[in-house]
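The following block contains the structure, expressed as structure tokens.
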Amino acid sequence: MDSAFERSPEQEALIAEWAPPEVDTGRPHSARIYNYFLGGKSNFPVDREAAEKTLAAVPQARTAARANRAFLLRAVEHLGRLGIRQFLDIGTGIPVEGRNTHDAAQRIAPDSRVVYVDNDPIVLAHARALLSSHPDGATAYIDADVHDPDAILADAALTETLDLERPLALLLIAILHFLPDEDKPTDILRRLTDRLPSGSYLVISHLTGDFDPVSTTGGVAAYRNAGIPMQVRSRAEVAALVPDGWELLDPGVDPVSHWRPDPGTELPDPVTIGCYGMLARKR
Ligand SMILES: C[S@@+](CC[C@H](N)C(=O)[O-])C[C@H]1O[C@@H](n2cnc3c(N)ncnc32)[C@H](O)[C@@H]1O
């Protein structure tokens, strides 16, 4: 390579720290902390500091983040094999090359259609990567908050991409633990799911303190101290998120690593995961 085009370490550092003006790099954000756990580069010093404080309390947080992302991909592929071609992914996260919902869905069926929703401007800044749909399918991105389900369901990007008269899969992966009980997550879920037709699916993953209560309490405190509300839930509390009229499918609420693992996978100790996954279907 021509050395005139090589970047110095200082230039690389400046590029890595670049953020669009609407991104507040002075406060940590859950999407960027999670990106740090996954080994990504879309995070800033405040995020890394909050992430390191979490890792001090919960050293297994990186393993948990990877297991959660792997669960997302397995669940989407499973749904694709069941014939689902429409996905609404709320709490998308910063894209991970080749490991996003549309990548998994379109590997099974290229005509799959995906609508992504997140409230973090950094995800919006990366949305182009989420819009790299296979030409036979479609993807769209909505900058919105899960606290406003009606706005999400009425957004033109959603109604132009998904057919709400046909079954779809609603993904709420690693987002509901950012909704404490006072935010009424069951009401939000009911408002999101009421409009969906019979035969639709709901995929949830959710942090829990069931396996390692002491370190989980430390991890939750690290997030709250960083200004990010968080509430972990027990297996029974996660199961109780399944809305009325929906049935929890096999294998029930399981650690994400244990939920329909790929054949031959060695299952980790759930203590190293601390995150439940589940799949439900509307009757
Ligand atoms: C831990 S990441 C999970 C990303 C992805 N679902 C996964 O499991 O790999 C949580 C995501 O939820 C988003 N999020 C958190 N609170 C939200 C809210 N109130 N409305 C919309 N998105 C939210 C964050 O910006 C972040 O991208």
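The values are calculated or read from the model by the stated rules, or taken from the named source; none is laboratory data. Being a predicted model, the structure only gives us computed values, none of them experimental. Neighbour counts run over all protein chains shown; Cβ positions are idealised from the backbone, glycine included. Note: areas computed on protein heavy atoms with side chains; ligands, DNA, RNA excluded. Shrake-Rupley method; radii C 1.70, N 1.55, O 1.52, S 1.80 Å.
Inside the stretch 235-252, can you point out the residues that are out of contact with any Gly (no Cβ under 8 Å at 6 or more places or on another chain), under 16 Å from ARG190 (Cα atoms) and in contact (Cβ under 8 Å) with a residue 12 or more places away in the chain? Working first, answer last.
First pass over the stretch 235-252, keeping only residues out of contact with any Gly (no Cβ under 8 Å at 6 or more places or on another chain): 235-238, 240-252.
Within this subset, residues satisfying the condition of being under 16 Å from ARG190 (Cα atoms) are 237-238, 240-248.
VAL238, ALA240, LEU241, VAL242, PRO243, ASP244, GLY245, TRP246, GLU247, LEU248, listed by residue number.
Specify which of the listed residues (LEU124, LEU164, LEU158) is more than 18 Å from HIS206 (Cβ to Cβ), in a loop (DSSP other than H, G, I, E, B) and among the hydrophobic types (A, V, I, L, M, F, W, C).
Values: LEU124 fails: in a loop (DSSP other than H, G, I, E, B); LEU158 fails: in a loop (DSSP other than H, G, I, E, B).
None of the others qualify; the one that does is LEU164.
If you don't mind, there's one more thing I want to ask. So ILE90 ticks every box in (1) open to solvent by less than 10 Å² (accessible area, probe 1.4 Å); (2) modelled with pLDDT of 95 or more; (3) away from the ligand (no atom under 11 Å from the Cβ) but one. Which box is left unticked?
(3)
Can you name every residue in the stretch 144-180 that is open to solvent by 50 Å² or more (accessible area, probe 1.4 Å), within 21 Å of LYS282 (Cα to Cα) and either of a type in the set (Ser, Thr, Tyr) or within 9 Å of the ligand (Cβ to nearest atom) (or both)?
Listed by number, the list holds a single entry, THR159.
Being within 15 Å of THR272 (Cα to Cα) and over 16 Å from the mean Cα position of the chain (by Cα) is the filter here; which residues of the stretch 52-90 pass it?
Residues of the stretch 52-90 that are within 15 Å of THR272 (Cα to Cα), as a first pass: 54-71.
THR54, LEU55, ALA56, ALA57, VAL58, PRO59, GLN60 - these are the residues of the stretch 52-90 that are within 15 Å of THR272 (Cα to Cα) and over 16 Å from the mean Cα position of the chain (by Cα).
Among residues belonging to the stretch 262-283 that are touching a residue at least 60 places away in the same chain (Cβ under 8 Å), part of a loop (DSSP other than H, G, I, E, B) and not aliphatic (A, V, I, L, M), point out the one that is surrounded by the most Cβ atoms within 10 Å (Cβ to Cβ).
GLY274
Something else now. Conditions: (1) crowded, with 17+ Cβ neighbours inside 10 Å; (2) more than 14 Å from VAL117 (Cβ to Cβ); (3) within 16 Å of the ligand (Cβ to nearest atom). SER200 meets all but one. Number of the miss?
(3)
How many residues does the stretch 209-237 contain that are out of contact with any Ser or Thr (no Cβ under 7 Å at 6 or more places or on another chain), in a helix (DSSP H, G or I) and crowded, with 18+ Cβ neighbours inside 10 Å?
Final tally of qualifying residues: 3.
Ok, one more. Of the residues ARG74, ARG66, ARG81, ARG113, which single one is open to solvent by 20 Å² or more (accessible area, probe 1.4 Å) and either within 19 Å of LYS41 (Cα to Cα) or not assigned by TED's automatic domain parsing to the domain that holds ALA156 (or both)? Spell out the reasoning first.
Numbers: ARG74 fails: either within 19 Å of LYS41 (Cα to Cα) or not assigned by TED's automatic domain parsing to the domain that holds ALA156 (or both); ARG81 fails: either within 19 Å of LYS41 (Cα to Cα) or not assigned by TED's automatic domain parsing to the domain that holds ALA156 (or both); ARG113 fails: either within 19 Å of LYS41 (Cα to Cα) or not assigned by TED's automatic domain parsing to the domain that holds ALA156 (or both).
Just one listed residue meets the conditions, ARG66.
Does the stretch 56-68 include one or more residues that are in contact with a strand residue (DSSP E or B) (Cβ under 6 Å, 6 or more places away or on another chain) and either within 15 Å of the ligand (Cβ to nearest atom) or farther than 21 Å from PRO167 by Cβ (or both)? Give the derivation first.
Of all residues in the stretch 56-68, those in contact with a strand residue (DSSP E or B) (Cβ under 6 Å, 6 or more places away or on another chain) come to 64, 68.
When the remaining residues are screened for being either within 15 Å of the ligand (Cβ to nearest atom) or farther than 21 Å from PRO167 by Cβ (or both), the result is 64, 68.
Yes, the stretch 56-68 contains at least one residue that is in contact with a strand residue (DSSP E or B) (Cβ under 6 Å, 6 or more places away or on another chain) and either within 15 Å of the ligand (Cβ to nearest atom) or farther than 21 Å from PRO167 by Cβ (or both).
Please work out if ASN119 is near the ligand (Cβ under 10 Å from one of its atoms) and open to solvent by 30 Å² or more (accessible area, probe 1.4 Å).
For ASN119, the condition - near the ligand (Cβ under 10 Å from one of its atoms) and open to solvent by 30 Å² or more (accessible area, probe 1.4 Å) - is met.
Say we look at the stretch 128-143 and pick out the residues that are within 13 Å of the ligand (Cβ to nearest atom) and assigned to a strand (DSSP E or B); which of these is most open to solvent (accessible area, probe 1.4 Å)?
Residues of the stretch 128-143 that are within 13 Å of the ligand (Cβ to nearest atom), as a first pass: 130, 141-143.
Next, only the ones that are assigned to a strand (DSSP E or B) stay: 141-143.
Numbers: TYR141: 33, ILE142: 4, ASP143: 89 Å².
Restricting to residues being within 13 Å of the ligand (Cβ to nearest atom) and assigned to a strand (DSSP E or B), the top hit is ASP143.
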